[in-house]
Amino acid sequence: MKQLMIALLGLVTLISCQNNDYRAAFEKNTETAKAYFKLHESEDAQAMFEYLHPDMEWHMPVYGTPLVGIDEVKAAVQGYQDAFDDMSFVADYWLPGVNTETGMPDGSTRVYGTWNATHSETGVKVALTAYHSFEFKDGKIHRGGDWFDLGGMMNFIAQEASANANTEDADLWRGLLLVSINILKRHSKTLTVNALRLADSTADNHIDFCATG
């Protein structure tokens, strides 16, 4: 009985130590992710790139797009910074991530929140609800992704800009669609081709940009 109690005590101690290790890793990685977002707010793309692991795999918020690597992530970051001003992220909460195979905490981090920004070409302000996940390797962002309604946001910008301009001019609509495409092309060449065709064929009809998906 004594030996059993000692064994159980040892097991509890081991689990407690592991949980403490995971908690410490989560807190460290969360601070890294927060710093990464702060650099995005200040539009310091080059500094952000230092946080990325060269072998990273990332989920993009575009329908049909497979996991991408570091070059595509860099292009997307630069695309957002070119298209928007006054970016800020307001987190609802940060949560520990788990190992996808075991379901146990692994030090990764994830966040629910809202990106606020002003579209530089039109002056339209957006509030984009988003979910982001981050896994780390060698202290750098290695896996994870962005989940939000990119197409819906760009459609909103086009609609708001048209309403503010108080015009039905087809060239304006085509221009707004092309502004949207400049961001989407950072993510998917296939979407770019389809969206360009849509812009050419539907500018006079004001079809929702969401149809490009």
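The values are calculated or read from the model by the stated rules, or taken from the named source; none is laboratory data. Here the structure is a predicted model, which means the values were calculated and not measured. Ideal geometry is used to build each Cβ from the backbone, glycine not excepted, and the neighbour counts take in all protein chains shown.
Observations on the structure shown:
- Selection count where residues are under 20 Å from Trp58 (Cβ atoms) and among the β-branched types (Val, Ile, Thr), scope the range 73-122: 6
- Residue that is surrounded by the most Cβ atoms within 10 Å (Cβ to Cβ) [pool: residues in the range 152-166 that are farther than 21 Å from Val111 by Cα and among the small types (Gly, Ala, Ser)]: Ala158
- Test: residue in the range 75-84 that is polar (S, T, N, Q), in contact with a helix residue (DSSP H, G or I) (Cβ under 9 Å, 6 or more places away or on another chain), touching a residue at least 60 places away in the same chain (Cβ under 8 Å) and over 19 Å from Lys140 (Cβ atoms): no
- Residues that are surrounded by fewer than 19 Cβ atoms within 10 Å (Cβ to Cβ) and aliphatic (A, V, I, L, M), drawn from the range 88-124: Val90, Ala91, Leu95, Val98, Met104
- Residue within the range 129-140 that is touching a helix residue (DSSP H, G or I) at 6+ places or on another chain (Cβ under 7 Å) and either farther than 19 Å from Met60 by Cα or not in a strand (DSSP E or B) (or both) present: no
- Hits in the range 97-118 (condition: modelled with pLDDT under 95 and not in a loop (DSSP other than H, G, I, E, B)): Gly97, Val98, Pro105, Asp106, Gly107
- Any hit, the range 60-71, residues being out of contact with any His (no Cβ under 9 Å at 6 or more places or on another chain), of a type in the set (Gly, Ala, Ser) and at pLDDT 95 or above: yes
- Residue match in the range 24-36 (condition: over 21 Å from Gly139 (Cβ atoms), over 14 Å from the mean Cα position of the chain (by Cα), without any contact (Cβ under 8 Å) to a residue 24 or more places away in the chain and outside any strand (DSSP E or B)): no
- Of the set (1) at pLDDT below 90; (2) surrounded by fewer than 16 Cβ atoms within 10 Å (Cβ to Cβ); (3) within 24 Å of Glu135 (Cβ to Cβ); (4) not aliphatic (A, V, I, L, M), all apply to Thr13 but (3).
- Extreme residue, farthest from Ile70 (Cα to Cα), among residues of the range 141-170 that are of a type in the set (D, E, K, R) and either part of a helix (DSSP H, G or I) or modelled with pLDDT of 95 or more (or both): Glu160
- Exactly one residue among Phe89, Phe49, Phe134 is within 30 Å of Asn164 (Cβ to Cβ) and either at pLDDT 95 or above or hydroxyl-bearing (Ser, Thr, Tyr) (or both), and that residue is Phe89.
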